[in-house]
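Worksheet for the structure shown next.
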Amino acid sequence: MGRIPYILSLILLISFVRVDARIWTTVDGRTQTGELFEVEGEEVGIKIKGREYRFLISRFILSDRQYIREWSKVSRCHRCSKPIGNSRVREAGSYKFHESCFKCLVCNKGFQGGEKLKRDEWGGMVHANHFNQAVMCDTCSRIISLAQLTPQQILKDGRKTCISCASDGVYEVKRMEEVRKRVWPTLAALGISLPKGDVIIRVVGKDVIARQALKINARGNLRGLTLTTYKIVSTSKSTRTTFDHEIFILYGMPHIECASVLAHEYAHIWLNERFIEDSPPVVEGFCNLVSEAILLREKGKLASIIRENMKQSDNPVYGAGYRRMKQRLEVLGWTALLSEMKRKSQPPTLR
Ligand SMILES: [Zn+2]
Ligand SMILES: [Zn+2]
Ligand SMILES: [Zn+2]
Ligand SMILES: [Zn+2]
């Protein structure tokens, strides 16, 4: 009989742990059970069955939005997002941590103060001399302890990703189709018209992209690539040009990053169908502006980190090119910038 109280206390503990999970209802009436863990700008992070998802707050009904407002009023730990409450609090920069959360991701020892640390944008920290036992997520730059990497987080081509990015990763053409649908309204609003030619999207590993890149002399840490072929059919009466495009895009990138890379590739298609030519910094810088337009619309934290990486990039083509074209965009606006690009058109002439 002595075992019953033990079982009872276990059940109580489980129900206590689950107390934060609640039912969420979208404006179109769908429901889902999940736990709120983050509010960033216009986006919420909700953990559903152990996976982290991000949604626009506007997707939820009023009472859910009210819950989100109340939730974000409470002072929370930057690491675990539970309320700070009366527990002892540690601070780093503008962030607060529970004492038990203020520790190294590699050795799990609490920081005393005065140690050399490395930290990411997500509340993760390691002793500087333990950083060699960690990697940064390929997408969001979260610090991950190598000892805690799960097979799901190691992509076949060697990229390493955090649990959050891995659980939102796009691996199939079918999900890529959802990304495509999400990208086009923004592109259309900029004045970028749909491709005239056929577009095939292939979701591939780094090795495939690197191999395909050799065909067009591209190099670097590519996350997407577009190959365009064209045919000019000329009769005595008319000349017609047809296009075929192949987009190669890395598998396993989270939805938002995928959308920004796909937008970049569609920008290449827009340029290619108009035979617009310029130096690599102008071309890639222009395509990165289109990427940025997607990231600006997304507004969440992951989007702003990807955008920040692009802004700060010291790559002479992608980083410097982006900054140069960004200045141009600020002067001209999208309509005039697209016209300026169109004037660089150099259609091939038939001999
Ligand atoms: Zn905490
Ligand atoms: Zn450590
Ligand atoms: Zn990540
Ligand atoms: Zn490009």
> Given the structure, is Gly158 crowded, with 17+ Cβ neighbours inside 10 Å, on the phi > 0 side of the Ramachandran plot, within 16 Å of ligand 3 (Cβ to nearest atom) and not assigned by TED's automatic domain parsing to the domain that holds Val199?
Replying inline: no
> Which is under 22 Å from the mean Cα position of the chain (by Cα) and hydroxyl-bearing (Ser, Thr, Tyr), of Ser345, Ser313, Ser339?
Replying inline: Ser313
>> Between Ser100, Ser81, Ser72, Ser87, which is under 30 Å from Thr31 (Cα atoms) and either assigned to a helix (DSSP H, G or I) or touching a helix residue (DSSP H, G or I) at 6+ places or on another chain (Cβ under 8 Å) (or both)?
In response: Ser72
> When you look at Ala134, is it crowded, with 19+ Cβ neighbours inside 10 Å, within 16 Å of ligand 2 (Cβ to nearest atom) and of a type in the set (A, V, I, L, M), yes or no?
Replying inline: yes
> So which pairs qualify, if the first residue must be in region 90-110 and under 12 Å from Met125 (Cα atoms), the second must be of a type in the set (A, V, I, L, M) and more than 13 Å from ligand 1 (Cβ to nearest atom), the Cβ gap must be under 6 Å, and the two must be at least 6 apart or on different chains?
Replying inline: Cys104/Val126; Leu105/Val126; Leu105/Ile143; Val106/Val126; Val106/Ala134
> Any idea which of (1) hydrophobic (A, V, I, L, M, F, W, C); (2) more than 16 Å from ligand 1 (Cβ to nearest atom); (3) free of Cβ contacts under 8 Å to residues at least 12 places away in the same chain is the one Val126 doesn't satisfy?
Replying inline: (3)
> Looking at Ser345, is it in contact (Cβ under 8 Å) with a residue 60 or more places away in the chain, among the small types (Gly, Ala, Ser), surrounded by fewer than 18 Cβ atoms within 10 Å (Cβ to Cβ) and over 26 Å from Val208 (Cα atoms)?
Replying inline: yes
> For region 83-110, which residues satisfy the criterion of being within 15 Å of ligand 2 (Cβ to nearest atom) and among the charged types (D, E, K, R)?
Replying inline: Lys103, Lys109
>> When you scan region 235-253, do you find a residue that is assigned to a strand (DSSP E or B), at negative phi and within 16 Å of ligand 3 (Cβ to nearest atom), even just one?
In response: yes
>> Go through region 148-204 and report how many residues are out of contact with any Leu (no Cβ under 7 Å at 6 or more places or on another chain), among the polar types (S, T, N, Q) and within 29 Å of Phe286 (Cβ to Cβ).
In response: 2
> Is it the case that region 282-300 has a residue that's over 27 Å from Thr241 (Cβ atoms), among the basic types (Lys, Arg) and touching a residue at least 24 places away in the same chain (Cβ under 8 Å)?
Replying inline: yes
> Out of all the residues in region 155-196, which are within 16 Å of ligand 4 (Cβ to nearest atom), assigned to a helix (DSSP H, G or I) and either without any contact (Cβ under 8 Å) to a residue 40 or more places away in the chain or of a type in the set (Val, Ile, Thr) (or both)?
Replying inline: Val183
>> One residue is enough: does region 37-47 have a residue meeting the conditions part of a loop (DSSP other than H, G, I, E, B), surrounded by 13 or more Cβ atoms within 10 Å (Cβ to Cβ) and not charged (D, E, K, R)?
In response: yes
> Considering only residues of region 55-74 that are among the aliphatic types (A, V, I, L, M) and under 17 Å from Asp20 (Cβ atoms), which is surrounded by the most Cβ atoms within 10 Å (Cβ to Cβ)?
Replying inline: Ile68
> Do the conditions hold for Asn309, that is, is it over 28 Å from Glu40 (Cα atoms), in the same structural domain as Asp207 (by TED's automatic domain parsing) and in contact (Cβ under 8 Å) with a residue 40 or more places away in the chain?
Replying inline: no
> Quick check: is even one residue across region 127-134 more than 15 Å from ligand 3 (Cβ to nearest atom) and either outside any helix (DSSP H, G or I) or within 18 Å of Arg51 (Cα to Cα) (or both)?
Replying inline: yes
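The values are calculated or read from the model by the stated rules, or taken from the named source; none is laboratory data. Since the structure is predicted, the reported quantities are computational estimates derived from the model, not experimental observations. Neighbour counts are summed over all protein chains in view; Cβ atoms, including those assigned to glycine, are modelled from backbone coordinates with ideal geometry.
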